[in-house]
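We did not get these values from a lab; they are worked out from the coordinates using the rules stated. The structure presented is a predicted model; accordingly, all values stated were derived computationally and were not measured. Here the Cβ is made from the backbone with ideal geometry for all residues, glycine too, and neighbour counts use every protein chain on show.
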Amino acid sequence: GNSVTQMEGPVTLSEEAFLTINCTYTATGYPSLFWYVQYPGEGLQLLLKATKADDKGSNKGFEATYRKETTSFHLEKGSVQVSDSAVYFCALSENNFNKFYFGSGTKLNVKP
Amino acid sequence: KAGVTQTPRYLIKTRGQQVTLSCSPISGHRSVSWYQQTPGQGLQFLFEYFSETQRNKGNFPGRFSGRQFSNSRSEMNVSTLELGDSALYLCASSRTGQMDEKLFFGSGTQLSVL
């Protein structure tokens with residue numbers, strides 16, 4: 001079946017530090033991969049996505065590369081800001097009418 | 001452009017009761033999906049509706065049901081509430097439900113079952 005595993009949090013970093021949040025997946029077919037972000041008191045927002053192997057998704061300084069050989073989609077940012085503090089969710093979908101499989105979420109705390 | 005609106009924002013119920021949650025999608029969006037978010041299980045897909053038809057369903061018991069109206073607004077109902085149903089219920093909408101579309105989430109309804 002389909003599943004997503006991401007590193008447990010919370011992750012605490014100082015401002016301007018490098019961020020990596022690991023995500024690996026299991027899928028029966030050829031999924032698209034996503035990172036969503038949830039700020040306190042808000043719904044999820046799409047951060048970036050990649051639809052096929054070797055694609056790189058990027059947005060707001062965040063990047064993730066779809067690695068089929070390692071079934072991974074790790075999220076990276078070179079220099080985090082306090083405003084990046086949120087919960088980050090890795091997810092996959094196999095084009096099945098908005099049926100996403102989400103990881104458990106990783107809370108990021110960025111300290112000034 | 002208004003976002004996805006969910007009402008109510010908070011609900012407190014007791015075991016055995018039933019509850020109805022409402023979701024108004026973004027104007028022009030006809031696909032509405034529902035997710036349950038809990039600290040232990042994360043986000044889990046409940047079901048998706050398009051043009052008043054349920055097209056996809058997750059692995060939840062029959063106590064969880066939903067419907068969609070002709071104006072695309074959707075409701076979900078949980079009957080015979082259990083303590084384990086306490087969760088944040090998120091609604092999401094997109095134009096047609098195809099994967100290359102952006103999915104927009106509401107802020108959720110926080111349900112507490114006592």
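Residue by residue, the range A:9-20 carries 3J(HN,Hα) couplings of x, x, 9, 10, 10, 8, 3, 6, 6, 8, 10, 9 Hz when phi is fed to the Karplus relation 6.51 cos²θ - 1.76 cosθ + 1.60 (θ = phi - 60°); x denotes Gly or Pro.
Placing dummy labels 7 Å off each Cα toward the beta-carbon, the span from A:L13 to B:N71 is 4.4 nm.
Using only C-alpha positions, report the orientation-averaged shadow area of the convex hull of the range A:59-112, nm², one decimal.
Approximately 4.7 nm², given one-decimal rounding.
Net charge near A:K77: determine it from the other residues with C-beta under 12 Å of the C-beta of A:K77, scoring Lys and Arg +1 and Asp and Glu -1.
Charge balance near A:K77 sits at -4.
Straight Cα distances below 15 angstrom link B:K13 to the aspartates and glutamates B:E82, B:D85, with same-chain residues fewer than 8 positions distant left out. All other residues whose Cβ lies under 9 angstrom from that of A:K60 are scored, Lys and Arg at +1 and Asp and Glu at -1, for a net of 0. Along Cα→Cβ, 7 Å out, is where each label goes; now give me the distance between the ones at B:K102 and A:S58 in nm to one decimal. A separation of 1.9 nm, rounded to one decimal place. Under Stokes-Einstein, with the Kirkwood radius over Cα pairs as Rh, the value for the protein assembly as shown at 4 °C and 1.567 mPa s is 72 µm²/s.
Only aspartates and glutamates eight or more places from A:K99 in sequence, or on another chain, were considered; those with a Cα closer than 12 Å are B:E48.
Measuring r between the beta carbons of B:Q17 and A:E42 and using R0 = 35 Å, the FRET efficiency lands at 0.80.
Shape descriptor for chain A: Rg over Rh equals 0.96 (Cα atoms; Rh from the Kirkwood inverse mean 1/r).
Note on B:R9 and B:N59: the model spin-label points, each 7 Å out from Cα along the C-beta direction, lie 3.5 nm apart. Taking only the C-alpha atoms of the range B:29-86, Rg followed by Dmax gives 11.8, 35 Å. A simple count of charges around B:Q41, restricted to other residues whose Cβ falls under 15 Å of its Cβ and scoring Lys, Arg +1 and Asp, Glu -1, yields -3.
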